[in-house]
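**Q** The following block contains the structure, expressed as structure tokens.
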Amino acid sequence: MGTWINGGGAHDGIYTGTVLFGFNTGTTWTDYANSSQQSGLYPKLDCYVILPATGSDYIKYTGNLATLRTQRAWVDQINTVTNWTSYPGNCAGYNAAIPQYPLGASITIVAGGYQRGKWVGVKNTDWYICTNWEDFVVPDSTTDVLIPSSGVTFNCRLRVDSVHACRDLTIQGYKLIGADTNVRVLRVLGNLNITGGELDFSDNNPNTKDGVIQLKGNWTNFNEAAFREGNSRVYMIGTSLQAINNPVKEVFYRLDIDNLAGISGGTNIQVDNILTLTNGLINTGTNEVYTTSTAVTSISGYGLSRYINGKLRRQIAISGNYDFPVGSTSNYELANLNIASQVGMANIIVDFDAPSPGAAPNPALCFVNGSPIVNKLDAGSWSIVPNTVPTAMNLSLTLRERGHTNSVAPASRYGIIRRDDASSDWLGAPFAHTLTAHSRKRAVQQPP
């Protein structure tokens, strides 16, 4: 598709236009060979070339022209060496062989089979090989990528030291693999939808890092087992509210939240290594965030604009200084349990109720250091619930309430009171007994 201008001498013709296909009767493409019989491969033509046979002339496509094929199927047909026949030194044989192109020839292209961003994996597992995509074009950040449930030869594997970008990513079947090193990067600028197959970021080796996923849209997974997290790291980097959806729960190894608009937890979220809160809230609704590592550093980065708006469950050791960065939609309400020792508890779940339900303290029952309590700060109260009743426990509790409108001075007038549930009476300090397995509300309080 262009213009050919014959030169004034030998081998100096000029073509101006679009290059549709590369044909080479040699055995290799040779750049700058300073030869009239050799050539380098035209840029970005990797998937539209063929080296059908060795020889300098008399090579003809002799494959079937009558079969109806899609655009992709015709390119595959032309790219198949066995569909070409060589007639070395035999001009008459070449001209006589069917098809005889000077007499006319045509092909019929049917619709379909040429979808942008559809993985077919006909050559190998490499994302960056164009023949592995149905339209022969490696996706970019504007392309919706599909790993279909059928018609795939090889699973798709991310390349080492490479970023693999797309817009939406839908996995219907087979595998997209990003395991065994943290320099395989998948960057999804739209939504991630797993409806079948696997997003496999695990090499089954707990001692090696696995790949990185950067997501700007929603995370939707039909089955917890369909995302094999391994030792991977997932970054939620959107600029509008991002949802994490799963029928039961979604498990991450490392999860980084860097979205000022926040995360909507449409399922229980479990983090097995480190949860990093850089920007934005995780809004759990009726679900929870659960960090399963007993390390006190398993949650990092939290602060006034980055915390759990809802329920946070932390796995605990027999001792440790554990922050619970929870709060409400509008306020960060940090709770801290500094455990000197404990026996029996495996994890503790904390959330902040705003406003606090139930009645005010009864001054006949609720005392702090001998002073009757008649009021409490009005921003809300904490619910602190262990998974089971501890048989022994020595800890200190620090609560930092924000957003209340009834502050008093000095700070020495504040204390902590507690109750088993919203229908129970508030009791003061020193506490009469240890944590129970019931919901135990705690609030910053003030004496009269």
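The values are calculated or read from the model by the stated rules, or taken from the named source; none is laboratory data. Note that the structure is predicted; figures quoted are calculated from it, not measured. Glycine also receives a Cβ, built like all others from the backbone with ideal geometry; neighbour counts cover every protein chain displayed.
**Q** Going residue by residue through the stretch 166-177, is there one that turns out to be part of a loop (DSSP other than H, G, I, E, B) and under 14 Å from the mean Cα position of the chain (by Cα)?
**A** The answer is yes; a qualifying residue exists.
**Q** For the stretch 298-315, give me each residue that is outside any loop (DSSP other than H, G, I, E, B) and either under 22 Å from the mean Cα position of the chain (by Cα) or aromatic (Phe, Trp, Tyr) (or both).
**A** Ile299, Ser300, Arg306, Ile308, Asn309, Leu312
**Q** Could you say which residue among Asn132, Asn83, Asn79, Asn90 is within 17 Å of Thr153 (Cβ to Cβ) and either touching a helix residue (DSSP H, G or I) at 6+ places or on another chain (Cβ under 7 Å) or modelled with pLDDT under 90 (or both)?
**A** From the options Asn132, Asn83, Asn79, Asn90, the qualifying one is Asn79.
**Q** Also, quick follow-up: Checking the structure you have, find out if any residue of the stretch 261-273 is hydrophobic (A, V, I, L, M, F, W, C), closer than 30 Å to Ser341 by Cβ, buried (at least 18 other Cβ atoms within 10 Å of the Cβ) and in contact (Cβ under 8 Å) with a residue 40 or more places away in the chain.
**A** No, the conditions are met nowhere in the stretch 261-273.
**Q** Just one of the numbered conditions (1) out of contact with any helix residue (DSSP H, G or I) (no Cβ under 8 Å at 6 or more places or on another chain); (2) surrounded by 13 or more Cβ atoms within 10 Å (Cβ to Cβ); (3) acidic (Asp, Glu) is not true of Asp161; which one?
**A** (2)
**Q** Continuing with the same structure: Can you confirm whether Gly310 is closer than 27 Å to Asn218 by Cβ, among the small types (Gly, Ala, Ser), surrounded by fewer than 18 Cβ atoms within 10 Å (Cβ to Cβ) and modelled with pLDDT of 95 or more?
**A** For Gly310, the condition - closer than 27 Å to Asn218 by Cβ, among the small types (Gly, Ala, Ser), surrounded by fewer than 18 Cβ atoms within 10 Å (Cβ to Cβ) and modelled with pLDDT of 95 or more - is not met.
**Q** Further question on the same structure: Mind counting the residues in the stretch 319-332 that are part of a loop (DSSP other than H, G, I, E, B) and farther than 16 Å from Ser298 by Cα?
**A** 4
**Q** I would also like to ask the following. Name the residues in the stretch 102-123 that are loosely packed, with under 13 Cβ neighbours inside 10 Å and out of contact with any strand residue (DSSP E or B) (no Cβ under 8 Å at 6 or more places or on another chain), would you?
**A** Correct list: Pro102, Leu103, Gly104, Ala105, Ser106.
**Q** I would also like to ask the following. Pick out the one residue from Ala335, Ala379 that is in the same structural domain as Asn321 (by TED's automatic domain parsing), modelled with pLDDT of 90 or more, within 18 Å of Val296 (Cα to Cα) and buried (at least 16 other Cβ atoms within 10 Å of the Cβ).
**A** Ala335
**Q** If only one of Val289, Val326 is aliphatic (A, V, I, L, M), free of Cβ contacts under 8 Å to residues at least 40 places away in the same chain and under 25 Å from Leu260 (Cα atoms), which one is it?
**A** Just a single option satisfies the conditions, and that option is Val289.
**Q** What are the pairs with Cβ atoms under 9 angstrom where one residue, in the stretch 185-209, is more than 17 Å from Cys166 (Cβ to Cβ) and in contact (Cβ under 8 Å) with a residue 40 or more places away in the chain and the other, located anywhere, is part of a loop (DSSP other than H, G, I, E, B) and of a type in the set (Phe, Trp, Tyr)? Sequence gap at least six, or different chains.
**A** Gly196/Tyr174; Gly196/Phe222
**Q** Do any strands (runs of 3 or more DSSP E) lying entirely in the stretch 256-297 carry at least 2 residues that are β-branched (Val, Ile, Thr), and which ones are they?
**A** 268-279, 282-291
**Q** Any residue at all in the stretch 153-175 that's in contact with a Cys (Cβ under 8 Å, 6 or more places away or on another chain) and within 15 Å of Trp119 (Cα to Cα)?
**A** Looking for residues that are in contact with a Cys (Cβ under 8 Å, 6 or more places away or on another chain) and within 15 Å of Trp119 (Cα to Cα), one finds at least one in the stretch 153-175, hence yes.
**Q** Return yes when Gly178 is in contact (Cβ under 8 Å) with a residue 24 or more places away in the chain, surrounded by 20 or more Cβ atoms within 10 Å (Cβ to Cβ) and on the phi < 0 side of the Ramachandran plot and no when it is not.
**A** Yes.
**Q** What pairs come out if I take residues in the stretch 100-121 that are at pLDDT below 95 and pair them with residues that are in a loop (DSSP other than H, G, I, E, B) and loosely packed, with under 14 Cβ neighbours inside 10 Å whose C-beta lies under 7 Å away, six or more apart or interchain?
**A** Listed by first residue and then by second, the contacts come to Thr108/Leu68; Val110/Leu68.
**Q** Let me ask another. Please indicate, with yes or no, whether at least one residue in the stretch 217-240 is among the hydroxyl-bearing types (Ser, Thr, Tyr), assigned to a loop (DSSP other than H, G, I, E, B) and under 19 Å from Lys175 (Cβ atoms).
**A** yes
**Q** Of the residues Gln242, Gln214, only one is farther than 27 Å from Ser150 by Cβ and in contact with a Phe, Trp or Tyr (Cβ under 6 Å, 6 or more places away or on another chain); which?
**A** Going through Gln242, Gln214 in turn, the sole match is Gln214.
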